[in-house]
Structure formats: structure tokens, C-alpha cells
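First the structure, in the form of C-alpha cells, and then the observations on it.
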Amino acid sequence: MFDRSAALPPVSAGMSPSSLSGASSRPAGYGQSCTNCSRAKCKCILTAAGGACERCSRLGKDCQPIATARKKVAKRTAASRTAQLEEKLDDLVSILKNSQGHPGQEQQQQQLQEQIAQHRQHLDYSHMQHVPQQTRSQTAALDSLAQAATTERHNGPSMNRGNAIDPNMSSGQLLRDPTAEEADVYLAKFRTWLPGLPFLHLPSDMSAKALKMERPFLWLSIMNLASDSHSQQSFLRDKVRREMSERIIMNHERNMDIVQGLVANLGWATLNTGPGARPFVVLFSQLATLVIYEQGMMRPPNQEHFSSVGFKAWNMSTLTPKARTMDERRAVLTLWFLTSICNALTARTETLPWTSHMDESLSILERGDDQHLDSMLATIIKIQRICDEAHRLLMQDLLPNAPEKDIPSYLYKPSLLERLNSIKANLPPRFATNYTIITHLVSTECQIHAIGLFSNQRIPETQSVESMYQCLICIRAFYDSFFSIPLGEIAGLPLHTYVALSTMQVMLYRLTISDNPTWDKEVVRQTVDVLDIVDRTIELFERTASVYPMRDQQVQGNLFQKGAKQMRNLRVMWQPIVSKHFGTMPTPNSQQNSASRAATEQPMLLDTMVDGEPIDFNDMSWMADIFGPWGDMQ
């Protein structure tokens, strides 16, 4: 067996018995070991007598306690923390300066400038409030910024699209939610836009704070649309997507707050754009349709539980149908309207099917309460039902290699016009001068008259010329109404008004360069001059930019400034084609009979348009350049 006594060290002659007793000795505390033990990195065992430690006694060394003086760290003041933050900011600025000129780092610099600006704002606030916890979090955030600035990035530029903001904008960034005061201003602004598409009723006494508590996603959508800062819009736009993803996809929420928020984003899609904006029209419309379907709002309440009645084991008569609310009726009808508009705009989504329950809701809105906005919404939707049919017929005529139909599309025009004239005849007097109703009416009538005009259908010549002239009259009426809109209301026009504007503009261009030998070009020029219309639209957009400024437009521009620029480009493209057409195309009263010359030159003129492709009624590319992107239109 192993002898434990053999492993014990020999006892020194100079050691006292008391030093060998574990009860009469103790380990030296922190900072109390002697110099020799500390230097040898050995455990110092002090004796009870207070003399030399066991090791020094055994080795016969002079035992001296180590001289220590712990540093006392002075408590940092708010000024010292501020100085630390400023030092870190200066380091980041130096990193940016040193990295200038290096390829592939422009986007990194923009991101750092953006984040530095945020922390400068927080720095000012923390200096005033002296909040230690906030300051410590800012210090940690700046540490991560410094590390990110010195780390090579491997992501492509598309990974951070829309997040880069010009360094000169740092003092004007609003990468935050609106303040209470801003929220009230934004909500008041949205109230003035609502008559253009009255999809909900906002009580006059409802504040932005109350709306946020009751409908948080709707509140967020309104704040995004009505914000007067591009940087804040970009922040809120991303927040809308995150909120939408979390609530609809992750949490499987299905409620009116989500539907109304999505409808608001679609209804004013022209304002839901900006630098780095991503397509959203098809996505938002399909998500809203998903919620509508899963909530059963497409059917009467007493049919909501009968989707799979053959597999139900309980008595269905015990289920009490819930009452359909007015908010639900407005939301479903407005979503149908917007999917119809999106179908005309992008051709990437289908119009929501019309149901008998929608007919019931439409009738209830029409004869509804004292709010004339409900009857206005009903009128807009009744007109759009006709417009949707006309657009489908128009698109069928323009499809390449489309099979011949048993019934030519132009034969449907009389019935569509009869239905539209019935709506006109029954318009309430208050709508007779309403520009939203008038522009929608005349643009729909124009599309009805255009059915069959630009296809290979053999339409009687007299009927063809009459339809072309009626189109021209409708276009003139549309622009008369559009240019009469008060300047302060142009920015808040809903999406469908701009879609109609684009359709009328393309329609006028097609009529202007028509090669129909019986069509008098002077009639077009005297009734509506396409280049004059473009000039007036440019002027209108420029004036709108002056009355609807953005806080950061010096850096990121203004939506309507961009619109004016795009319209100038459109004019530059159209002017030589229109001028050449008027210079070479004969008129019935002209002495230059050259029908064959016109027939050979006109295709050549059309081939000189954008990328060799003629513009048709589905070409909204110029409008997407201004207000988009809404979806993939390529």
C-alpha cells in the first residue's frame, strides 16, 4: 500500500509546532501576501503569532508584506461620457476620410454617415438629460460602428438598397416614428385626401394617439404616406413591411386594422415611393385579399361557416352569424376597386371576383347614412365596374396573336355606354362638379369608345371616326377637370387618378399619330394638342413641388420635381414624332393626296419610339418612373 508519510516534506528544524498546526494559520487575503510569496507566485500562509509566514520561516527569509495601493477610479461625469462619445465619433469620421477613394466602399461610407448622424442626435439628447444607461448603450453601439468601419464587407450593393443617405443630409434625417405633434399634422393631412377614396370613416374628434391605440397598423401606414421627410418615409416604409410580415405571416393576424392599412398603402401608392423603394402593389393587394378571404368578408355573414358543411359534425343552426360592419363593407368594396386598378396598372394580378354580397354592400353604401362619402365611394365603384369591363376588352384587342372572337369587341360598346349614361343621369347634384367623379367618368367613357379602334377588327368607317372623335372629346373633358383641381390637392390625389392621367395621355398620343386616312389631324390639334398638354402637366408638377415640399428635398429631391423631369423627357421623345407626323400625314382637305406615303411612313414613326416598341395602353413605364416602382412592369 502507498505510504502517505513518504510524500510529506521534511520538517525544518526552525519550524515551531504552532506553525504546523492548520488551526493556528490562515491563507493571506487578497493583497496581504508577503513579497517573497508574491514574487514566487506561491500561496502565502500567515501564522497566528503574526510573524513570518510559513514559507519564509521554512526558508529562513525576511518576510515583508507587499506594498499595495489600489487605484480608486473616479466616478465619471456626464461630461466625461460625452467626451468619450465625441472621441469615438471623431474616430469614425477619420476612418471614413481614410477610406475615401477605395473601390467598393462608397456604400459603407454612406451607411456609417447615416448611423453617425443618428448617434449625434442621441448624443445631444443624452448630454442634456444626463442618462447614464442611454450613454452606455450609445458607447457600445459606437464600438460596433468602429468595428464595422474597419471590417471588409462582402455583401453586394443590393443588400442595402435604399438605406444610403447623403452625408450632407445628416442633420435633417428623421429615422424615427413621428412625434405626437407630427402625427396629428400627418393625420389632418390624410383627412383632406380621404374624399378621393373614402375607404373608411375617421371620426372628426379622433386624434392620432387614439388612432394608434385602436388601429396601430393603419396609423403606421398613414404616417408613412403623409410624412414630409424622405428619410422618415424610408424608415416607416421598412417598418410597415416588418410589421406586416410579423403580424400576417408570423402571428397569423386577420383583422380590419391590417386590411385598412394595406388599402391605404395601395390607394395612395404614388406617395409610398422614394429612393430605394421596392415593388409592393401586387404583394400588398394579394395580402389584403388573403385576409379578406380568410375573414369570410366576401360572403354574407350567415355563409361564413358553411365552407365545408359536409364535414361538420355539429348543428350549424346553433351558429349565430355576426353582423357585417360598415368598415368591412367599405374595405371589401375598396379592395375590389384597387385590385381592378392594379390589374390595369401592372397586368400582374387579377381583379377580385365580384359577388352578390358586394352588390348588397354597394346598395347599403349608396343609400347609407348622412355621410356623403359613402355614396361617393359607391359611385366610384359603380363606374369602375364598367371601366374594368372596358379595359378587359381593350386589352384583348391589343394582345398579339389573339384568336378571333365570335363577337367583335366593339359591339359591346353600346351596352357599356348605356350603363355609364345611367350613372351620369342619376348622379347627385353635389357630384356634378366633383373632380374625382368627373375624371373617373370621362376616362371610363374614353376607354369604352376606344374599344376596337387600335386593333385589326373591321369596324365600319363612320363608326370608327365617330368613336375617335368621342375619345377626343372625353380626353378634353378629362384635362379640363384635371387642371381645375386646386393646386394644394394635387399631391394627395389617389392612385386611380394618376392611372387615368396616364391612360388619357397615351390615348391622346395614339389619336394624334393615327394613320386613319379619314381622320382629320387638325381636329386633334385644335381640340387637344398633345404637346401642349404635356407642357401644362410639367408646369403643374413644378408648381405642386413648390406647395408640397419635403424637408430633405435638397438632397433627395421631390416627387413632383422628378415628375416634371420625366415629363420633359417624354416630350423630347414625342415632339419629333408628332412634328414629323403633322408634316407628312395628309388630311382630307389637303391637296397632297399621298395615302400610300402615309401608310409607309407611319410604321416607321412608331418604330422610333422607346426601345423600338410602340406605346400602347398598358405602357405605364413613364408613370412608374415618376411614382413607382409598384411592380414588375417589364
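The values are calculated or read from the model by the stated rules, or taken from the named source; none is laboratory data. A quick note: this is a predicted structure, and the numbers were derived from the prediction, not measured. Note: ideal-geometry Cβ built from the backbone for every residue, glycine included; neighbour counts use all protein chains shown.
Evaluate the following for Ile341: is it more than 29 Å from the chain's Cα centre (by Cα), crowded, with 20+ Cβ neighbours inside 10 Å and within 23 Å of Leu417 (Cα to Cα)?
So Ile341 fails the test.
In this structure, does Val578 turn out to be among the hydrophobic types (A, V, I, L, M, F, W, C), more than 19 Å from Glu445 (Cβ to Cβ), buried (at least 16 other Cβ atoms within 10 Å of the Cβ) and over 36 Å from the mean Cα position of the chain (by Cα)?
yes
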Within the range 444-494, considering residues that are over 18 Å from Asp535 (Cα atoms) and of a type in the set (Val, Ile, Thr), the one surrounded by the fewest Cβ atoms within 10 Å (Cβ to Cβ) = Thr462
Filter result (surrounded by fewer than 18 Cβ atoms within 10 Å (Cβ to Cβ), closer than 17 Å to Cys387 by Cβ and either under 34 Å from the mean Cα position of the chain (by Cα) or at pLDDT below 90 (or both)) within the range 401-430 = Tyr412
Any hit, the range 444-453, residues being farther than 19 Å from Met395 by Cβ, in a helix (DSSP H, G or I) and among the hydroxyl-bearing types (Ser, Thr, Tyr) = no
message = Given the criterion at pLDDT below 95, under 29 Å from the mean Cα position of the chain (by Cα) and surrounded by fewer than 18 Cβ atoms within 10 Å (Cβ to Cβ), identify the matching residue among Arg367, Arg392.
response = Arg392
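This table checks each residue for (1) surrounded by 12 or more Cβ atoms within 10 Å (Cβ to Cβ); (2) at pLDDT below 85; (3) in contact with a strand residue (DSSP E or B) (Cβ under 9 Å, 6 or more places away or on another chain).
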position	(1), (2), (3)
Ser5	no, yes, no
Val11	no, yes, no
Ser16	yes, yes, yes
Arg55	yes, no, yes
request  = Output the residue which, of all residues in the range 185-231 that are in a helix (DSSP H, G or I) and polar (S, T, N, Q), is surrounded by the most Cβ atoms within 10 Å (Cβ to Cβ).
outcome  = Ser221
query = Quick one: Ile45 ticks every box in (1) modelled with pLDDT of 70 or more; (2) under 28 Å from Ser234 (Cα atoms) bar one, so which box is it?
reply = (2)
The range 282-315 - residue that is hydroxyl-bearing (Ser, Thr, Tyr) and exposed (fewer than 15 other Cβ atoms within 10 Å of the Cβ) and, of those, modelled with the highest pLDDT = Tyr293
task = Could you pull out the residue among Phe582, Phe560 that is at pLDDT below 90 and over 23 Å from Ser467 (Cβ atoms)?
result = Phe560
